[in-house]
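Notes for the one structure printed next.
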Amino acid sequence: MESKLVERVQRDNDHHAFEQLMRQNQSPIRQFLRRLTLQNQGIADELAQETFLKAFVHIKTYRGEAKFLSWLFKIAYQQFVSSTRKKTEQTNVEVEDKADDGQFERRLVAEKTVKNLLKYLKADERAIFLLHFSHDLTHQEIALVMQIPLGTVKTKIRRSRLKLKSFTEINNSEKTDEK
Amino acid sequence: MKNDFHNDDWLKEQLSDEYINDDDFSFSVVKKIAWHETKSKRIFYAVLLVMITLFSFLFIPDLMMIIAGNSTSRLVSAQQFLPFMQMEYIGIFVILLSFALIWSFENSDLI
């Protein structure tokens, strides 16, 4: 069904077919971008719109080797990276600032969920973690989306797990100390 | 927080999100696509206009002189005596005619 819609867009520039494709895929793309931009819905939705516009313009380059959604994730991630490069208030910089801050551990006390802890990962680690655990992409698919080696994907997932685990351990020990 | 960061299913459950379905979003993207297509066409028309203008001003007077020089017809030979400026007017007429043609193609969605 999806491949037929893609074919229609590629062959006839069919806006209606593209709209259907958008309806099917907007949720994961928008969620992914919202988490990447640390819940900045305005920026995330703007990036999502740019992602779909870019997908429409370049749809003839989609050869069907990967899932259509994976191809969209790739564009979305590229959009995110180029937008953070342009803007001074880059997510990575924010994360590094937090890591350098002496109050970092104290702030962790306020964090309650894995979703909230994601902000302490670097943008690329966060993207990989989300693609794998939130959107069910395989390591191979993530390597294609992010254009990095398969080994790097596995390493970053393992490292992110440990990072998040250590953050919650700090969090828990802070709570025990307070008691 | 009770956690198990080595358990994939637990992580997946923690990172699950609600499904987003918003017609306004699709509508605004479709509008952006339409605007993008119009913009691309405008660039195409501008380039075409520049090319036709250049072609007309550079070659039409020369072309007409060549035709007039080789022709035995009275009508065409008469153009030999046309002043240069008048030939430029003919060039402008050709530009307008080409533009009208392009416009009609656009209306019939041929471009």
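Kindly list the number of the only condition in (1) modelled with pLDDT under 75; (2) out of contact with any Phe, Trp or Tyr (no Cβ under 8 Å at 6 or more places or on another chain); (3) surrounded by 13 or more Cβ atoms within 10 Å (Cβ to Cβ) that fails for residue B:78.
(3)
Please determine whether any residue of the stretch A:90-113 is under 14 Å from the mean Cα position of the chain (by Cα), more than 21 Å from residue B:7 (Cα to Cα), crowded, with 16+ Cβ neighbours inside 10 Å and at pLDDT 90 or above.
No, the stretch A:90-113 contains no residue that is under 14 Å from the mean Cα position of the chain (by Cα), more than 21 Å from residue B:7 (Cα to Cα), crowded, with 16+ Cβ neighbours inside 10 Å and at pLDDT 90 or above.
If I filter the stretch A:28-35 for residues that are more than 23 Å from residue A:140 (Cα to Cα) and at pLDDT below 95, do I get at least one hit?
yes
List the number of the failed condition for residue A:19; all other conditions in (1) more than 10 Å from chain B (Cβ to nearest Cβ); (2) charged (D, E, K, R); (3) without any contact (Cβ under 8 Å) to a residue 24 or more places away in the chain hold.
Only one criterion in (1) more than 10 Å from chain B (Cβ to nearest Cβ); (2) charged (D, E, K, R); (3) without any contact (Cβ under 8 Å) to a residue 24 or more places away in the chain is unmet by residue A:19, namely (1).
Considering the stretch B:1-38 alone, what residues qualify as being facing chain A (nearest Cβ under 7 Å), more than 30 Å from residue A:16 (Cβ to Cβ) and aromatic (Phe, Trp, Tyr)?
Listed by number, the list holds a single entry, B:5.
How many residues does the stretch B:10-44 hold that are more than 15 Å from residue A:29 (Cβ to Cβ), assigned to a loop (DSSP other than H, G, I, E, B) and charged (D, E, K, R)?
Count: 0.
For every residue, the table says whether it meets (1) touching a Cys at 6+ places or on another chain (Cβ under 8 Å); (2) in a helix (DSSP H, G or I); (3) within 14 Å of chain B (Cβ to nearest Cβ); (4) of a type in the set (Gly, Ala, Ser).
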residue: A:43; (1), (2), (3), (4): no, yes, no, no
residue: A:50; (1), (2), (3), (4): no, yes, yes, no
residue: A:55; (1), (2), (3), (4): no, yes, yes, yes
residue: A:63; (1), (2), (3), (4): no, no, no, no
residue: A:76; (1), (2), (3), (4): no, yes, yes, yes
residue: A:79; (1), (2), (3), (4): no, yes, yes, no
residue: A:83; (1), (2), (3), (4): no, yes, no, yes
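The values are calculated or read from the model by the stated rules, or taken from the named source; none is laboratory data. Keep in mind that what you see is a predicted model, and the values were worked out from it rather than measured. Neighbour counts are summed over all protein chains in view; Cβ atoms, including those assigned to glycine, are modelled from backbone coordinates with ideal geometry.
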